Amino acid sequence: AQSVAQPEDQVNVAEGNPLTVKCTYSVSGNPYLFWYVQYPNRGLQFLLKYITGDNLVKGSYGFEAEFNKSQTSFHLKKPSALVSDSALYFCAVTLGGTALIFGKGTTLSVSS
Amino acid sequence: DSGVTQTPKHLITATGQRVTLRCSPRSGDLSVYWYQQSLDQGLQFLIQYYNGEERAKGNILERFSAQQFPDLHSELNLSSLELGDSALYFCASSATGDSGQKLFFGSGTQLSVL
C-alpha cells in the first residue's frame, strides 16, 4: 500500500531564512508526488508536482522540491521564507490509476 | 478562487441524522473527489467519481454514499451520523481524473454533529 509521511508536525523559521518541509513516501513503483498548501479557512491549493524528469521541481510562490528516489523523499524548500508562507503544507503521493493520498500535514510558522 | 463550489459552508446537526453535502466542480472538470479532514485522521480520501461513474473508493464508511449527476455536480450523503463524523469535508475536481493532474479544492463544508 502506498503511504506518505511528514515527520514534523510543525516547522518554525525566521523570515528571510531558508525553509525545508520534509516528506517521505512508500510506494511500490514510480510515484507521482505533490505538494499542496492550506491557508486558514480555505481549501488546499496546488504548489508543485513531480511526475518524471528533472529531480528538482519548481512551483508556485518561489517553492521548489527535490525528488530523491534513493531516500524516497520529496522535501519542499524555499530559499527565503516570508511571513505570508505560514500555512499548513501537505505532501501527497499517487501511483498511476490510484487516488491521491495525503500526509498528515506540517504547519509552517514564519516569524518576523 | 478555485472554481469549485461547496454548499453549505457550515452544517450543525444531531447524532442519528442524515445530511447531504453538495459540490459543483470547476467548469469542464469531469472528475470529483471527496475528502474528510479531521485533527486525528488528517486528510482522508473517501471516493472519486468520473463523468458520473464511481472510479475509486477509499476509507468511506458504509453509512456514507455519494453520486455524481449528469450535470457533473456531486453529492455526499452522510447518514446515521455519529459524533466522530464531525469534520471538514472537502470536494475537489480535476479535468479527467488521471493520476498526475492537480486537484482544485473547494473551501469545504464544516460538519458538526452534536
Residue list for region A:1-11, filter: part of a strand (DSSP E or B) and loosely packed, with under 14 Cβ neighbours inside 10 Å
A:SER3, A:GLN10
Filter region A:29-45 for residues that are open to solvent by less than 50 Å² (accessible area, probe 1.4 Å) and at the interface with chain B (Cβ under 9 Å from one of its Cβ atoms) and give the result.
A:PHE34, A:TYR36, A:GLN38, A:GLY43, A:LEU44, A:GLN45
Among B:ALA66, B:ALA56, the single one that is part of a strand (DSSP E or B), modelled with pLDDT of 95 or more, within 14 Å of chain A (Cβ to nearest Cβ) and open to solvent by 10 Å² or more (accessible area, probe 1.4 Å) is B:ALA66
Selection status of B:TYR49, aromatic (Phe, Trp, Tyr), within 10 Å of another protein chain (Cβ to nearest Cβ) and assigned to a strand (DSSP E or B)
no
Show me the strands (runs of 3 or more DSSP E) entirely contained within region A:70-111 in which 1 or more residues are more than 14 Å from chain B (Cβ to nearest Cβ), more than 14 Å from A:VAL11 (Cα to Cα) and modelled with pLDDT of 95 or more.
A:73-78
Regarding region B:14-25, can at least one residue be identified that is surrounded by 13 or more Cβ atoms within 10 Å (Cβ to Cβ), at pLDDT 95 or above and within 12 Å of chain A (Cβ to nearest Cβ)?
yes
Taking B:LEU11, is it aliphatic (A, V, I, L, M), open to solvent by less than 30 Å² (accessible area, probe 1.4 Å) and more than 9 Å from every other protein chain (Cβ to nearest Cβ)?
no
When residues of region B:4-26 are limited to those that are polar (S, T, N, Q) and not in a strand (DSSP E or B), the one nearest to B:PRO70 (Cα to Cα):
B:GLN17
Looking at B:GLN44, B:GLN36, which is the one that is within 30 Å of A:THR107 (Cβ to Cβ) and in contact (Cβ under 8 Å) with a residue 24 or more places away in the chain?
B:GLN36
When region A:46-69 is checked residue by residue, the ones that are of a type in the set (Gly, Ala, Ser) and surrounded by 16 or more Cβ atoms within 10 Å (Cβ to Cβ) are A:GLY59, A:ALA65
Does region B:72-85 contain any residue that is within 12 Å of chain A (Cβ to nearest Cβ), in contact (Cβ under 8 Å) with a residue 24 or more places away in the chain and either part of a loop (DSSP other than H, G, I, E, B) or open to solvent by 30 Å² or more (accessible area, probe 1.4 Å) (or both)?
no
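The values are calculated or read from the model by the stated rules, or taken from the named source; none is laboratory data. Quick caveat: nothing in here was measured; it's all calculated off a predicted structure. So basically every Cβ, Gly included, is an ideal-geometry build from the backbone, and we count neighbours across all protein chains shown. What goes into the accessible areas is simple: the full protein's heavy atoms, side chains included, and nothing from ligands, DNA or RNA. Shrake-Rupley method; radii C 1.70, N 1.55, O 1.52, S 1.80 Å.
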